[in-house]
Amino acid sequence: MKQYILPAIRITFFCFIFFCGAYSLLILGIAQIAPDKGEGQTLAVNNKIIGYALEGQSFTKDKYFNGRPSAAGYNAAGSSGSNKGPSNPEYLKDVQNRIDSFLVHNPNVKKENIASDLVTASGSGLDPDISIEAAIVQVGRIAKARNIGVEKIRSLIDTHAERPFLGIEKVNVLKLNIALDQLK
């Protein structure tokens, strides 16, 4: 029995030191190299912090781009998905309600043109980004609400689009809405 317990204690001690100490320090060191030193990117207007670039927020006015719905109510402390599968009747009802609401605010958009990320919540419930398609489908509503040309808003989307190598093209909703407010 002694031949099994001592190696188990050594392995446990090694894992404790490695994962609680060395690994944590390694990740902290890597974070110090990253932009904002791993603190997250705050967005400010007139030296007032208005949000965080890595956290989704609710925008309900027609003059703003809508982000992904949140199963967590955009509460970072309660970050979570809904855990409801695509065949769950309650989930399907939530998605249909979101589609109906979107169509009320965007009457010129056909149901089949609504990007799925505008009516389905992300896994964390805090996704700050939407697809380029999800942004483009909202252009008509925003142009009308702000009395701005469609091409100007499309240009704004293109300017703020993130196109990572081998990644999904996306746009940060908060950054895009800040840029909208700064348009003259």
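The values are calculated or read from the model by the stated rules, or taken from the named source; none is laboratory data. Every value quoted in this text rests on a predicted model; they were computed, and no experiment measured them. Here Cβ is always computed from backbone atoms with ideal geometry, including for glycine, and neighbour counts include all displayed protein chains.
Among the residues making up region 161-179, a single one is closer than 17 Å to Gln138 by Cβ, touching a Lys or Arg at 6+ places or on another chain (Cβ under 8 Å) and either not assigned by TED's automatic domain parsing to the domain that holds Asn66 or not aliphatic (A, V, I, L, M) (or both): Glu169.
Consider region 169-184. How many of its residues are in a helix (DSSP H, G or I) and either loosely packed, with under 14 Cβ neighbours inside 10 Å or over 16 Å from the mean Cα position of the chain (by Cα) (or both)? Break it down into steps so the answer makes sense when it comes.
Of region 169-184, the ones in a helix (DSSP H, G or I) are 173-182.
Then drop every residue that is not either loosely packed, with under 14 Cβ neighbours inside 10 Å or over 16 Å from the mean Cα position of the chain (by Cα) (or both), which leaves 179-182.
The qualifying residues number 4.
Check whether at least one residue in region 23-35 is surrounded by 12 or more Cβ atoms within 10 Å (Cβ to Cβ), outside the structural domain of Arg154 (by TED's automatic domain parsing), closer than 30 Å to Leu176 by Cβ and not polar (S, T, N, Q), and report yes or no. The answer is yes; a qualifying residue exists. Close contacts from region 126-139, counting a first residue that is in contact (Cβ under 8 Å) with a residue 12 or more places away in the chain and a second that is in a helix (DSSP H, G or I) and hydroxyl-bearing (Ser, Thr, Tyr), with Cβ to Cβ under 9 Å and a gap of 6+ residues or different chains, come to Ser131/Ser116; Ala134/Ser116. Just one of (1) modelled with pLDDT of 90 or more; (2) touching an Asp or Glu at 6+ places or on another chain (Cβ under 8 Å); (3) over 30 Å from Gly140 (Cα atoms) fails for Ala76. It is (1). Within region 161-181, being more than 18 Å from Asp117 (Cα to Cα) and without any contact (Cβ under 8 Å) to a residue 40 or more places away in the chain holds for Pro164, Phe165, Leu166, Ala179. How about region 1-48: which of its residues are in a loop (DSSP other than H, G, I, E, B) and farther than 30 Å from Gly73 by Cα? Selection gives Met1 alone. Among the criteria (1) modelled with pLDDT under 90; (2) more than 30 Å from Leu176 (Cα to Cα); (3) of a type in the set (Gly, Ala, Ser), the one Ala8 does not fulfil is (1). Inside region 49-67, residues that are under 18 Å from Leu180 (Cβ atoms) and assigned to a loop (DSSP other than H, G, I, E, B) make up a count of 13.
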